[in-house]
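Scroll down for the structure; my scribbles are underneath it.
Read-outs: derived from the displayed coordinates by stated rules, not from any lab. Bear in mind that the values here come from a model prediction, so they are computed numbers and not experimental data. For neighbour counting, all protein chains shown are included, and Cβ atoms are generated from backbone atoms with ideal geometry for every residue, glycine included.
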Amino acid sequence: MGSADLVPGVSGGTIALVLGIYERLIRAIHTGASAVTLALSGKWKEAVNRFRATEWQLLAPLLAGILLAVASLSTLLEHLLERAPQNTSALFFGLVVGSISITWRFLSSWTPWRIVGTVIMAVTTFATLGLRSEEIVDPAAALFLGAGAIAIIAMVLPGISGSFILLMLGMYGSVLSAINDRQFALLGLFLLGAIVSLGLFSTLLDQLLRRYRDTAMALLIGLMSGSLRVLWPWPDGTETSNLAAPESLTAPILLAFAGVVLVISISQIGSRRTASDIPKINQRTDQPPD
């Protein structure tokens, strides 16, 4: 998930969806965020109960892996996007296409309204992602706080790339430089904005997945379909919004196909592991109600 979030056009949420842990993740984040809210309200007993009910055995190693990937792979991915943008974009194009096919299976049924919603979401996302902003030179510290708050929503939603949102805001280069240069004060502000925003957004998303799961999944399919605009392996990678094909199609097509196969393979592994964990999850009855 950390590696995906570094690439404009790929979301860590997409990886979580493919691995079969997406809804568990949103629920765990929501429970943890509600514990913080209760603590800030002075309801310490309820906050402690919520904190204990949070699935830390999922969140703790996941967060550690994300931070490790961001710290160790940011330079490599920056290099790949600069030196081989076509092939890099093509590989992740295949990952997203494979993710769409996996998400499609999660729906129990299609209705006319879900089809319309999917199409509208895809078209809106496609049009919106054609926008670009000039890179902000030497941004103020407060901009890192706001960028973190906005980007984290995209990082959680499958199909929407937090890195691409940063690109649209003109903050991608600054955030990536802060990571590579270990500017911990600026990264702390970015993380603070992300934590506050994630707590608020996870509550909304958790309710949507609980009450309108199929409709939410249909909209996510539209979201991922529209986001493919970013990953079309055009000549200048993510630096242009022109929908043009690369000079040579052989390598991009092979890499895209490899991406699809990789996603389907990972999904099958994730499904088997999730199925084996279901009895353990169902045994947890100590989680307090909303």
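Some points to look at:
- Per-pair calculated FRET efficiency, R0 = 22 Å: LEU68 and ASN180 via Cβ, rounded to 0.05: 0.90
- Counting other Cβ atoms within 10 Å as a rough exposure proxy, the listed residues PHE201, PHE93 run PHE201, PHE93 from fewest neighbours to most.
- Among the trypsin sites (Lys or Arg not before Pro) within the range 1-85, not one is in coil by DSSP while having at most 11 neighbouring Cβ atoms inside 10 Å.
- Between LEU262 and VAL48, the modelled label-to-label distance comes to 4.6 nm, taking each label 7 Å out from Cα in the direction of the beta carbon.
- Rounded, prolate or oblate (a/c below 1.5 giving rounded, otherwise prolate when a/b exceeds b/c) for the range 1-144 by Cα gyration tensor: oblate
- Between the range 29-61 and the range 167-191, the C-alpha centres lie 28 angstrom from each other.
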